[in-house]
1. Any chance you could tell me what percent of the C-alpha pair distances in segment A:3-201 go past 20 Å?
2. Relative to the present Cα-Cα distance, how much length would full extension add between residue C:259 and residue C:223 at 0.36 nm per residue of separation?
3. Let me check I've understood the local charge: for residue C:121, count other residues with C-beta under 14 angstrom from its C-beta, Lys and Arg +1, Asp and Glu -1. What total comes out?
4. For segment C:132-220, I need the span (max minus min coordinate) of the C-alpha atoms along each principal axis, in Å, sorted largest to smallest.
5. Taking the Cβ-Cβ separation of residue A:7 and residue A:144 as r and a Förster radius of 30 Å, what is the calculated FRET efficiency to the nearest 0.05?
6. Return the loop-located GluC sites (Glu not before Pro) in segment B:31-78 (DSSP other than H, G, I, E, B) with at most 13 other Cβ atoms within 10 Å of their own Cβ; answer none if there are none.
7. Kindly identify segment B:271-333 as rounded, prolate or oblate by the Cα gyration tensor criterion: order the square roots of the eigenvalues as a ≥ b ≥ c, call it rounded if a/c is under 1.5, otherwise compare a/b with b/c, prolate if a/b is larger, else oblate.
8. Using alpha carbons only, how many angstrom separate the centre of segment B:5-62 from the centre of segment A:35-64?
Amino acid sequence: MTTADLRERGFEPVADGQRLFRAVLQATARPGSLLPLGAPPLEVPEARLRGACALLLGLLDLEVSFHALGPGAARLADYLLANTGTRVAPVESADFLLVAGPDSGGRASRAKRGTLEAPHLGATLVYAPAWLSARPRADGITVRLRGPGIPGERSLTIGGIAPCEIEGWPALNDFPLGVDIWLAGGDGQLAVIPRSTRWNRES
Amino acid sequence: MGYVAVRGGEDAIRHSERLLEAFRRREGHPGIQVAQIREQMRLAVDRAMAEGSLYSPTLAALALKQAEGDMVEAAFLLRAYRSTLPRVQTTPTLRPAAMRLVRRISAAFKDIPGGQILGPTRDYTQRLLDFSLLDEEERTDASLSPMSGEATNGAAPPERVSTYLRREGLLPDLPGDVEPPVDITRDAVAFPMPRSARLQALARGEEGALLALAYSSMRGFGNVHPTVAELRVGYLAVQVTIPGLETPVTIGEILVTEVELISRWDADDAEGNAGTQFRLGYGFAFGHNERRTICMAILDRAMQAAAPHAPAEDQEFVIQHIDGIEAQGFTNHWKLPHYVDFQSELDRLRAKRRAAATPAEAKP
Amino acid sequence: MSYSFAFLDEQSKRCVRRALLKAVALPGYQVPFVSRELPISYGWGTGGIQTTCALLGKSDVLKVIDQGADDSVNALNIKRFFAKTAGIRTTTLTAEASIIQTRHRIPEERLRADQILVFQVPYPEPLRRVEPRETETRRMHAEADYGRMYVALYEDIVRHGEITLPWQYPALVNGRYLLSPSPIPRFDNPKLHQADCLFLFGAGREKRVYAVPPHTDVHSLGFEDHPFRVESFAGRRCSRCGSTDTYLDEVIVDADGRRQHQCSDTAFCLRRRQDPAVPRGWGHDHPAGVAVEARR
């Protein structure tokens, strides 16, 4: 497989990059709320990964690093390298972590969380759940969220991410240290849980 | 019509631009050609390139013409243009030791291997106005071609003076592993800054600011007793790597100035050496820029102090205040409307004065 | 030669975008970013401009104000810059705008959830008035060590009987980071608290961006016995629309030094002239009636 084979033709950096950025910006400003991601039809192995890859195509470049985990990680890494000029880094130092499967095998806990003097260096974790819902569903995990950007409390149900993975998320944060979590659903929806959010798990 | 007028703002800007043009290019005078500025105001061009952080004598000359000779404004034009240019690659490291020399002097020794080459300098001229230049005729004598770099007569470029001092152990050895240099226009660098970031900031700094701060250091607000070990002016080849080719390819030459400055260090430095070695200050710039590079080397040296005792040694003080484009922007911004903030200050002062005028009724 | 959409090249936009995303995740924290030189001077809004450049899409509608006015020469210059480099629609109507770039004021009408307010910030560091060194202020934020700011405010009270800061009044965001709201008058500070819109702050020369998300606590500093207060314009009204609850500019109208007052927010003044009952809408948290000074 050559670099030319990996070249994505379905992504328009100026327009798509801007639109996707506005979506993730709004999602970060309103944690747990659902936004339509409107990802273009990228040539990635699984349709479920389109949203996550589109976000990364828009925001990765040679000034940051990433690490891919899970099934098909190697090919995803090649794809992102070929299309963004970004760099691969170990889990502990990567700026962006892409978790392609239902969990990270415990490795998300090693993602960098920033320092008190530079909390912004904490990583961004990108997941590709099968679906997201504002209303609870029996086949998903519901979390209740509070904090900046949330009037009162907001509920989010996530399908396709392992319960143990979601249970590990609170321990990653000790504000201002922590990671910011992007959930790019296979159903075309986006939700973000930044480290400023306080939350607990239900069901 | 106020500064903030309901409809007049747009007209005001347009009219202002037309006035600028009228001042820049007055009727009845032949236009200055960009080539004339490039060829006959080379030192202005060189300074604009250094502060604009972009090597292009033609564009620098254009910027100076457009800015009517305002140096900081010209550098600003170049910086803004530079922002739009894509970064193709980082070239292999340039080696100033391999410079094709036009000028080379050392104040440290009377004679140096390779010789002292005076080159084009005003240092020993008398500053007498030359009125013959008021009506200069076209030059027909082509016997002296400038900046041809013939001075070394094809011989291998001489070794740096600092090399000899290192061999004798009077200068610390060059560190074996060097951190890759940071680029302050690409990376968000925090204080304390690595040396490469400080040098880059100095290389782009406004020359007046560098001069004032370096002067403060030499006069006594600092501990640097400098000697110019070597000053070089000459041409450096610029190379790029092409995928598929083993060796880099030379794409052209740039004119540069380099200074290595040595000073003793009286107090204990960061590593606890108490004056047993010299330390090096380094200066480098695009074009022929001697004042700039000497000041740069002095400030580089001063900022190596373990703890700053003088403004020139304090890297936060120096680096934050030497960028001409940042400084001029903020200086000029005071001309923007500030009436909302000023309103609050007016109210406050009036209230104070009223309270002071009627002390019996004074309220907190 | 042609320029990129909204001037900044895509790589620069990504750099600003990544910084903005971290800023929203860390309310009130100043995220460093690498500021690009623009054709507009540092000190003249380049931080706000780069933020707007990173946000702008073809369907956006942009409003730019300076001191609250749409037609200030600087606001017009910035609008021209975006019209030329992005070809987007601009407006003077606050309600029509999706992005509002502002210098020194927050519009009088409450902004909606679909709107973003971008501030031009000359002094992002609220602690600079008590500490000139960057390495030290960074430590103070890291350790939430804001004691010296409280001491400075206390000294103000001792000297003048009250906290005298007229503008750029420091506020604590989300109970954690001290923020400089940019040189807006204290009158505007309460609008940052539990708002519906997103606030983004850009400082080009100082190379920082920071953010206040909607529905976030923003409390301007004060003491129990000397709480934060806004200015009062009691006894004054706008000579154009009659408003008594907006921030008023003072204008000298004749050679005798006679004064008049006008709404600083020119767009809102226009609306009030057409309909005096238009509410400001920033809610009960805006204590427009709490006086601090300015007796006439």
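Please treat every number below as a calculation from the coordinates, not as lab data. What you see is a predicted model, and the numbers here were worked out from it, not measured in a lab. Here the Cβ positions follow ideal geometry from the backbone for every residue, glycine too, while neighbour counts run over all protein chains shown.
1. On the way: 10231 of 19701 pairs.
Looking at segment A:3-201, the distances longer than 20 Å represent 52 percent of pairs.
2. Details: separation 36, 0.36 × 36 = 12.96 nm, distance 3.49 nm.
This chain segment gains 9.5 nm when fully extended.
3. Values: positive: C:103, C:105, C:128, C:205, C:207, C:208; negative: B:341, C:66, C:125, C:188, C:206.
Its environment carries a net charge of +1.
4. Here the Cα extents, ordered largest to smallest, are 38, 31, 25 Å.
5. Values: r = 43 Å, r/R0 = 1.42.
After rounding to 0.05, the efficiency reads 0.10.
6. On the way: sites: B:39, B:51, B:68, B:73; in loops: B:68.
Loop-located and lightly packed - B:68.
7. Numbers: a/c = 4.10, a/b = 1.52, b/c = 2.70.
Oblate.
8. 45
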